[in-house]
Amino acid sequence: MNPAPVYLNELGIVCALGNGADAVRANLFAADAPRGVADDDTLVPGRNLALGSAGATLPDLSDCAPILRSRNNALLRLAWLQVRAAVQDAISRFGAQRVAIVLGTSTSGIGEAERAFLHRRESEVFPGGFHYAQMEMAAPSHFLARESGARGPAWTVSTACSSSAKAMASAARLLRAGIVDVVVAGGVDSLCRFTVAGFGALEAVSAKRCNPFSRNRAGINIGEGAALFVMSREPGPVRLSGWGESSDAHHMSAPDPEGAGAAAAIREALARAQLLPAQIGYVNLHGTATPHNDAMESRAVAETLGREVPASSTKPLTGHALGAAGAIEAALCWLSMHDNAAGLLPPHWWDGAADPELPPLRLVAPGERAIAPLRHALSQSFAFGGSNAALVLSRE
(Lines give C-alpha, C1' and ligand atoms only; values in the text may rest on other atoms or scores of the structure.)
Protein backbone atom coordinates (compact mmCIF):
# COMPACT_ATOMS: atom_id res chain seq x y z
CA MET A 1 0.00 0.00 0.00
CA ASN A 2 1.47 3.34 -1.04
CA PRO A 3 1.56 6.06 1.65
CA ALA A 4 -0.64 9.11 1.23
CA PRO A 5 0.93 11.82 -0.95
CA VAL A 6 2.03 15.04 0.73
CA TYR A 7 1.32 18.31 -1.06
CA LEU A 8 2.85 21.78 -0.84
CA ASN A 9 -0.37 23.75 -1.20
CA GLU A 10 0.61 27.36 -0.49
CA LEU A 11 3.84 29.32 -0.24
CA GLY A 12 4.86 32.40 1.72
CA ILE A 13 8.36 33.74 1.10
CA VAL A 14 10.61 36.71 1.78
CA CYS A 15 14.32 36.83 0.99
CA ALA A 16 16.86 38.97 -0.84
CA LEU A 17 14.95 38.36 -4.08
CA GLY A 18 11.80 39.99 -2.75
CA ASN A 19 8.71 39.73 -0.59
CA GLY A 20 6.08 37.34 -1.95
CA ALA A 21 6.02 34.71 -4.66
CA ASP A 22 5.49 37.10 -7.58
CA ALA A 23 8.42 39.37 -6.67
CA VAL A 24 10.75 36.46 -5.94
CA ARG A 25 9.81 34.68 -9.19
CA ALA A 26 10.42 37.80 -11.29
CA ASN A 27 13.85 38.45 -9.77
CA LEU A 28 14.83 34.78 -9.77
CA PHE A 29 14.34 34.41 -13.52
CA ALA A 30 15.71 37.82 -14.53
CA ALA A 31 18.32 37.14 -17.20
CA ASP A 32 19.89 40.59 -17.62
CA ALA A 33 21.81 40.65 -14.33
CA PRO A 34 21.80 38.84 -10.98
CA ARG A 35 19.45 40.32 -8.40
CA GLY A 36 19.23 39.93 -4.64
CA VAL A 37 22.66 39.87 -3.00
CA ALA A 38 24.15 43.37 -2.70
CA ASP A 39 27.03 45.21 -1.04
CA ASP A 40 26.40 46.18 2.57
CA ASP A 41 28.63 48.06 5.02
CA THR A 42 26.12 48.40 7.87
CA LEU A 43 26.06 44.94 9.43
CA VAL A 44 29.77 44.81 10.26
CA PRO A 45 31.08 48.37 10.75
CA GLY A 46 34.15 49.08 8.67
CA ARG A 47 33.71 46.04 6.44
CA ASN A 48 31.87 46.02 3.10
CA LEU A 49 30.33 42.63 2.34
CA ALA A 50 28.00 41.13 -0.22
CA LEU A 51 24.93 40.07 1.78
CA GLY A 52 21.53 38.62 0.99
CA SER A 53 19.51 41.09 3.01
CA ALA A 54 15.72 41.02 2.82
CA GLY A 55 14.99 44.59 1.84
CA ALA A 56 11.30 44.47 2.73
CA THR A 57 9.95 46.74 5.44
CA LEU A 58 9.55 44.55 8.48
CA PRO A 59 6.29 44.52 10.45
CA ASP A 60 6.04 45.90 13.96
CA LEU A 61 5.97 43.26 16.70
CA SER A 62 4.92 45.53 19.57
CA ASP A 63 1.76 43.44 19.95
CA CYS A 64 3.92 40.46 20.99
CA ALA A 65 5.51 39.64 24.32
CA PRO A 66 9.14 40.85 24.54
CA ILE A 67 10.49 37.30 24.27
CA LEU A 68 8.97 37.07 20.76
CA ARG A 69 10.26 40.40 19.42
CA SER A 70 13.12 39.74 17.01
CA ARG A 71 14.13 40.35 13.43
CA ASN A 72 13.77 36.61 12.92
CA ASN A 73 10.12 36.66 13.92
CA ALA A 74 9.44 39.83 11.93
CA LEU A 75 10.66 38.05 8.79
CA LEU A 76 8.53 35.07 9.78
CA ARG A 77 5.45 37.29 10.10
CA LEU A 78 5.98 38.60 6.54
CA ALA A 79 5.93 35.05 5.19
CA TRP A 80 3.07 34.07 7.48
CA LEU A 81 0.82 36.88 6.25
CA GLN A 82 1.02 35.37 2.75
CA VAL A 83 -0.39 32.01 3.88
CA ARG A 84 -2.58 33.16 6.77
CA ALA A 85 -5.89 32.77 4.94
CA ALA A 86 -5.11 29.18 3.96
CA VAL A 87 -4.09 28.25 7.52
CA GLN A 88 -7.12 29.90 9.06
CA ASP A 89 -9.30 27.97 6.63
CA ALA A 90 -7.57 24.74 7.68
CA ILE A 91 -8.14 25.51 11.36
CA SER A 92 -11.83 26.17 10.72
CA ARG A 93 -12.21 22.89 8.84
CA PHE A 94 -10.03 20.52 10.86
CA GLY A 95 -9.67 22.20 14.25
CA ALA A 96 -6.68 23.94 15.78
CA GLN A 97 -5.38 20.68 17.30
CA ARG A 98 -5.02 19.20 13.80
CA VAL A 99 -2.69 21.93 12.52
CA ALA A 100 1.01 21.64 13.35
CA ILE A 101 4.06 23.90 12.97
CA VAL A 102 7.57 22.67 12.16
CA LEU A 103 10.26 25.25 11.41
CA GLY A 104 14.02 25.34 10.93
CA THR A 105 16.36 28.09 12.12
CA SER A 106 19.91 28.67 13.28
CA THR A 107 20.00 32.26 14.52
CA SER A 108 16.65 32.78 16.26
CA GLY A 109 17.12 36.01 18.28
CA ILE A 110 20.92 36.15 18.36
CA GLY A 111 20.89 39.57 16.68
CA GLU A 112 18.87 41.02 19.54
CA ALA A 113 21.32 39.50 22.03
CA GLU A 114 24.26 41.07 20.19
CA ARG A 115 22.74 44.53 20.51
CA ALA A 116 21.74 43.91 24.13
CA PHE A 117 25.27 42.94 25.16
CA LEU A 118 26.78 45.92 23.34
CA HIS A 119 24.35 48.12 25.25
CA ARG A 120 25.30 46.44 28.53
CA ARG A 121 29.00 46.91 27.84
CA GLU A 122 28.48 50.67 27.53
CA SER A 123 25.81 51.24 30.17
CA GLU A 124 26.25 48.23 32.49
CA VAL A 125 22.58 47.26 32.12
CA PHE A 126 20.62 45.40 29.50
CA PRO A 127 18.22 47.50 27.43
CA GLY A 128 14.55 47.49 28.28
CA GLY A 129 12.60 44.84 26.44
CA PHE A 130 15.50 42.41 26.09
CA HIS A 131 14.89 38.88 27.33
CA TYR A 132 17.32 35.98 27.06
CA ALA A 133 14.50 33.74 25.75
CA GLN A 134 14.58 35.73 22.49
CA MET A 135 17.62 33.61 21.64
CA GLU A 136 15.94 30.25 22.20
CA MET A 137 15.75 28.07 19.11
CA ALA A 138 12.10 27.30 19.84
CA ALA A 139 11.16 30.98 19.53
CA PRO A 140 10.03 30.83 15.84
CA SER A 141 7.63 27.92 16.37
CA HIS A 142 6.27 29.50 19.55
CA PHE A 143 5.78 32.77 17.69
CA LEU A 144 3.97 31.15 14.76
CA ALA A 145 1.75 29.11 17.07
CA ARG A 146 0.70 32.38 18.67
CA GLU A 147 0.20 34.09 15.33
CA SER A 148 -1.82 31.31 13.75
CA GLY A 149 -3.79 29.84 16.63
CA ALA A 150 -2.58 26.37 15.63
CA ARG A 151 -2.59 23.99 18.61
CA GLY A 152 -1.07 20.87 17.12
CA PRO A 153 2.56 19.83 17.65
CA ALA A 154 4.97 22.75 17.26
CA TRP A 155 8.74 22.50 17.27
CA THR A 156 11.89 23.96 15.76
CA VAL A 157 14.66 22.01 14.04
CA SER A 158 18.17 23.43 14.32
CA THR A 159 20.73 21.40 12.38
CA ALA A 160 22.55 24.31 10.75
CA CYS A 161 22.10 24.56 6.98
CA SER A 162 19.86 21.48 6.70
CA SER A 163 17.38 22.74 9.33
CA SER A 164 14.39 23.76 7.23
CA ALA A 165 14.78 20.95 4.70
CA LYS A 166 14.64 18.54 7.64
CA ALA A 167 11.66 20.46 9.03
CA MET A 168 9.77 19.77 5.81
CA ALA A 169 10.65 16.08 6.01
CA SER A 170 9.42 16.03 9.62
CA ALA A 171 6.18 17.69 8.53
CA ALA A 172 5.66 15.04 5.87
CA ARG A 173 6.08 12.30 8.46
CA LEU A 174 3.46 13.95 10.70
CA LEU A 175 1.00 14.00 7.81
CA ARG A 176 1.68 10.45 6.68
CA ALA A 177 1.26 9.21 10.25
CA GLY A 178 -2.15 10.86 10.41
CA ILE A 179 -1.22 12.84 13.52
CA VAL A 180 -2.39 16.10 11.94
CA ASP A 181 -4.13 17.24 8.77
CA VAL A 182 -2.08 20.35 7.97
CA VAL A 183 1.46 21.48 8.81
CA VAL A 184 2.91 24.95 8.39
CA ALA A 185 6.51 24.06 7.63
CA GLY A 186 9.62 25.87 6.49
CA GLY A 187 12.32 28.02 7.98
CA VAL A 188 13.54 31.45 8.95
CA ASP A 189 16.92 33.01 9.63
CA SER A 190 18.11 36.58 10.01
CA LEU A 191 21.36 38.42 9.42
CA CYS A 192 23.53 39.07 12.43
CA ARG A 193 27.19 39.80 13.09
CA PHE A 194 27.61 36.50 14.94
CA THR A 195 27.17 34.36 11.83
CA VAL A 196 29.32 36.62 9.66
CA ALA A 197 32.09 36.52 12.27
CA GLY A 198 31.78 32.76 12.66
CA PHE A 199 32.11 32.01 8.97
CA GLY A 200 34.79 34.69 8.74
CA ALA A 201 36.82 32.83 11.38
CA LEU A 202 36.65 29.81 9.07
CA GLU A 203 37.91 32.01 6.21
CA ALA A 204 34.72 31.10 4.34
CA VAL A 205 33.17 34.54 3.66
CA SER A 206 33.47 36.25 0.29
CA ALA A 207 33.38 40.04 0.20
CA LYS A 208 31.95 39.89 -3.36
CA ARG A 209 28.98 38.02 -4.80
CA CYS A 210 29.74 34.32 -4.32
CA ASN A 211 30.96 32.27 -7.28
CA PRO A 212 29.85 28.62 -6.87
CA PHE A 213 31.83 25.87 -8.64
CA SER A 214 34.31 28.32 -10.14
CA ARG A 215 38.03 27.80 -9.77
CA ASN A 216 37.96 31.38 -8.44
CA ARG A 217 35.37 30.71 -5.73
CA ALA A 218 36.24 32.43 -2.45
CA GLY A 219 33.46 31.62 0.00
CA ILE A 220 29.86 32.34 0.88
CA ASN A 221 27.56 35.34 1.17
CA ILE A 222 25.40 35.27 4.29
CA GLY A 223 21.71 35.84 3.65
CA GLU A 224 18.39 35.88 5.46
CA GLY A 225 14.73 35.22 4.85
CA ALA A 226 11.75 33.01 5.55
CA ALA A 227 9.78 30.47 3.55
CA LEU A 228 6.61 28.75 4.73
CA PHE A 229 4.65 25.99 3.04
CA VAL A 230 1.14 24.91 3.91
CA MET A 231 1.51 21.15 3.68
CA SER A 232 -1.35 18.66 3.66
CA ARG A 233 -2.70 15.48 2.11
CA GLU A 234 -5.13 17.51 0.01
CA PRO A 235 -4.10 17.82 -3.66
CA GLY A 236 -2.10 20.92 -4.51
CA PRO A 237 0.13 22.22 -7.30
CA VAL A 238 3.31 20.45 -6.15
CA ARG A 239 4.03 17.34 -4.08
CA LEU A 240 6.86 16.66 -1.68
CA SER A 241 7.33 13.26 -3.23
CA GLY A 242 10.57 12.26 -1.55
CA TRP A 243 13.13 13.16 1.06
CA GLY A 244 16.38 11.72 2.25
CA GLU A 245 18.46 12.42 5.34
CA SER A 246 21.89 11.23 6.40
CA SER A 247 24.67 12.10 8.81
CA ASP A 248 28.26 11.43 7.82
CA ALA A 249 29.77 13.12 10.93
CA HIS A 250 33.06 13.57 9.11
CA HIS A 251 34.05 16.88 10.72
CA MET A 252 32.53 19.72 12.73
CA SER A 253 32.50 22.08 9.76
CA ALA A 254 34.03 20.37 6.71
CA PRO A 255 32.02 17.86 4.64
CA ASP A 256 33.12 14.34 3.82
CA PRO A 257 35.34 15.03 0.78
CA GLU A 258 34.00 11.98 -1.05
CA GLY A 259 30.37 13.12 -0.61
CA ALA A 260 29.22 9.72 0.66
CA GLY A 261 26.67 11.15 3.10
CA ALA A 262 25.33 13.62 0.55
CA ALA A 263 24.99 10.85 -2.04
CA ALA A 264 23.16 8.67 0.49
CA ALA A 265 20.60 11.43 1.16
CA ILE A 266 20.04 11.94 -2.57
CA ARG A 267 19.55 8.21 -3.18
CA GLU A 268 17.12 7.94 -0.27
CA ALA A 269 15.07 10.87 -1.59
CA LEU A 270 14.90 9.27 -5.05
CA ALA A 271 13.91 5.91 -3.59
CA ARG A 272 11.14 7.41 -1.48
CA ALA A 273 9.86 9.31 -4.53
CA GLN A 274 10.11 6.08 -6.58
CA LEU A 275 12.08 7.88 -9.25
CA LEU A 276 15.10 7.06 -11.37
CA PRO A 277 17.94 9.61 -11.53
CA ALA A 278 17.12 10.36 -15.17
CA GLN A 279 13.63 11.56 -14.15
CA ILE A 280 15.00 14.55 -12.21
CA GLY A 281 14.70 17.60 -14.45
CA TYR A 282 16.48 20.15 -12.26
CA VAL A 283 18.72 20.21 -9.18
CA ASN A 284 19.00 23.14 -6.80
CA LEU A 285 22.54 22.71 -5.52
CA HIS A 286 23.63 23.60 -2.01
CA GLY A 287 26.42 25.46 -3.84
CA THR A 288 27.99 27.53 -1.08
CA ALA A 289 31.05 28.52 -3.19
CA THR A 290 33.43 27.22 -0.54
CA PRO A 291 36.26 25.01 -1.77
CA HIS A 292 35.29 21.92 0.22
CA ASN A 293 31.51 22.01 -0.24
CA ASP A 294 31.55 22.53 -4.00
CA ALA A 295 34.14 19.79 -4.47
CA MET A 296 32.13 17.31 -2.41
CA GLU A 297 28.79 18.24 -3.92
CA SER A 298 29.93 18.02 -7.53
CA ARG A 299 31.17 14.48 -6.85
CA ALA A 300 27.93 13.47 -5.11
CA VAL A 301 25.74 14.83 -7.92
CA ALA A 302 27.85 13.31 -10.68
CA GLU A 303 27.77 9.95 -8.90
CA THR A 304 24.04 9.84 -8.17
CA LEU A 305 22.41 11.89 -10.95
CA GLY A 306 25.03 12.12 -13.68
CA ARG A 307 26.55 15.19 -15.24
CA GLU A 308 23.77 16.21 -17.64
CA VAL A 309 20.93 17.16 -15.29
CA PRO A 310 20.36 20.95 -15.30
CA ALA A 311 21.59 22.35 -12.00
CA SER A 312 22.25 25.66 -10.32
CA SER A 313 23.16 27.24 -7.03
CA THR A 314 20.85 30.14 -6.22
CA LYS A 315 23.00 31.42 -3.34
CA PRO A 316 24.53 34.20 -5.52
CA LEU A 317 20.96 35.57 -5.52
CA THR A 318 19.67 34.86 -2.01
CA GLY A 319 22.88 34.47 -0.06
CA HIS A 320 23.22 31.50 2.25
CA ALA A 321 20.21 31.80 4.55
CA LEU A 322 21.58 29.10 6.86
CA GLY A 323 18.69 27.44 8.70
CA ALA A 324 16.18 28.89 6.23
CA ALA A 325 18.16 27.90 3.13
CA GLY A 326 16.53 24.49 2.62
CA ALA A 327 12.99 25.90 2.66
CA ILE A 328 13.87 28.95 0.56
CA GLU A 329 15.56 26.81 -2.09
CA ALA A 330 12.68 24.33 -2.08
CA ALA A 331 10.46 27.37 -2.61
CA LEU A 332 12.50 28.38 -5.67
CA CYS A 333 11.91 24.87 -7.04
CA TRP A 334 8.19 25.26 -6.26
CA LEU A 335 8.12 28.57 -8.14
CA SER A 336 9.85 26.88 -11.09
CA MET A 337 7.16 24.19 -11.20
CA HIS A 338 4.06 26.30 -10.52
CA ASP A 339 2.81 29.25 -12.58
CA ASN A 340 5.92 29.25 -14.77
CA ALA A 341 4.48 28.87 -18.26
CA ALA A 342 7.77 29.85 -19.92
CA GLY A 343 9.52 26.88 -18.30
CA LEU A 344 12.42 29.01 -17.05
CA LEU A 345 14.96 27.36 -14.76
CA PRO A 346 16.75 29.07 -11.85
CA PRO A 347 20.01 30.41 -13.32
CA HIS A 348 23.51 29.75 -12.08
CA TRP A 349 25.33 33.07 -11.87
CA TRP A 350 29.14 32.71 -11.90
CA ASP A 351 32.21 33.77 -13.83
CA GLY A 352 32.19 30.66 -16.05
CA ALA A 353 35.71 29.64 -15.00
CA ALA A 354 35.22 25.93 -14.36
CA ASP A 355 37.40 24.25 -11.77
CA PRO A 356 39.27 21.43 -13.56
CA GLU A 357 39.50 19.54 -10.25
CA LEU A 358 35.70 19.10 -10.09
CA PRO A 359 33.45 16.81 -12.12
CA PRO A 360 31.75 19.15 -14.62
CA LEU A 361 28.04 19.74 -14.06
CA ARG A 362 25.49 21.17 -16.49
CA LEU A 363 24.97 24.57 -14.91
CA VAL A 364 21.87 26.51 -15.97
CA ALA A 365 22.55 29.68 -17.97
CA PRO A 366 20.50 32.84 -17.32
CA GLY A 367 17.30 32.72 -19.38
CA GLU A 368 17.58 28.97 -19.98
CA ARG A 369 14.31 27.05 -20.31
CA ALA A 370 13.57 23.45 -19.53
CA ILE A 371 13.51 21.21 -22.59
CA ALA A 372 10.33 19.53 -21.31
CA PRO A 373 7.85 20.62 -18.64
CA LEU A 374 9.56 20.31 -15.26
CA ARG A 375 7.95 17.39 -13.41
CA HIS A 376 10.57 16.52 -10.80
CA ALA A 377 13.12 18.74 -9.08
CA LEU A 378 15.60 18.00 -6.33
CA SER A 379 16.82 20.46 -3.71
CA GLN A 380 19.73 19.53 -1.47
CA SER A 381 21.13 20.97 1.75
CA PHE A 382 24.39 19.96 3.42
CA ALA A 383 25.22 21.24 6.89
CA PHE A 384 27.99 21.44 9.45
CA GLY A 385 28.53 18.18 11.28
CA GLY A 386 27.62 16.18 8.19
CA SER A 387 23.85 16.70 8.46
CA ASN A 388 22.54 16.12 4.93
CA ALA A 389 19.05 16.50 3.49
CA ALA A 390 17.57 16.17 0.00
CA LEU A 391 14.01 16.95 -1.07
CA VAL A 392 12.24 15.86 -4.26
CA LEU A 393 9.38 18.05 -5.48
CA SER A 394 7.01 16.73 -8.15
CA ARG A 395 3.99 17.77 -10.11
CA GLU A 396 1.66 15.75 -12.28
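The values are calculated or read from the model by the stated rules, or taken from the named source; none is laboratory data. These figures come from a predicted structure and were not determined experimentally. Backbone-built Cβ (ideal geometry, glycine too); neighbour counts: all protein chains shown.
On inspection, ALA74 passes the criterion of being at pLDDT 95 or above, closer than 28 Å to ARG193 by Cβ and outside any loop (DSSP other than H, G, I, E, B). All of SER106, SER62 fail the test of being surrounded by 17 or more Cβ atoms within 10 Å (Cβ to Cβ) and either outside any helix (DSSP H, G or I) or among the β-branched types (Val, Ile, Thr) (or both), apart from SER106. Against the test of being surrounded by 21 or more Cβ atoms within 10 Å (Cβ to Cβ) and either in a helix (DSSP H, G or I) or over 20 Å from the mean Cα position of the chain (by Cα) (or both), the options VAL180, VAL196, VAL230, VAL184 yield a single qualifying residue, VAL180. Considering region 33-55, the residues that are within 18 Å of the chain's Cα centre (by Cα) and in a loop (DSSP other than H, G, I, E, B) include one that is farthest from GLU136 (Cα to Cα), namely ARG35.
The residues of region 133-157 that are surrounded by fewer than 24 Cβ atoms within 10 Å (Cβ to Cβ) and in a loop (DSSP other than H, G, I, E, B), listed by number, are GLU136, MET137, ALA138, GLY149, ARG151, GLY152, PRO153.
Taking the criterion of being on the phi > 0 side of the Ramachandran plot, crowded, with 23+ Cβ neighbours inside 10 Å and not in a helix (DSSP H, G or I), the residues of region 288-328 that qualify are ALA289, GLY319. Considering PHE213, PHE199, the condition of being in contact (Cβ under 8 Å) with a residue 24 or more places away in the chain and aromatic (Phe, Trp, Tyr) is satisfied by PHE213 alone. Within region 77-96, the residues that satisfy the criterion of being assigned to a helix (DSSP H, G or I) and either of a type outside the set (A, V, I, L, M, F, W, C) or within 16 Å of the chain's Cα centre (by Cα) (or both) are ARG77, LEU78, ALA79, TRP80, GLN82, ARG84, GLN88, ASP89, SER92, ARG93. Considering ARG115, ARG173, ARG151, ARG146, the condition of being more than 24 Å from GLU329 (Cβ to Cβ), of a type in the set (Lys, Arg) and without any contact (Cβ under 8 Å) to a residue 40 or more places away in the chain is satisfied by ARG115 alone. Kindly indicate which of ALA365, ALA377, ALA372, ALA389 is modelled with pLDDT under 95 and aliphatic (A, V, I, L, M). From the options ALA365, ALA377, ALA372, ALA389, the qualifying one is ALA372.
Please verify whether ALA116 is surrounded by 24 or more Cβ atoms within 10 Å (Cβ to Cβ), in a helix (DSSP H, G or I) and among the hydrophobic types (A, V, I, L, M, F, W, C), treating the condition exactly as stated. No, not satisfied.
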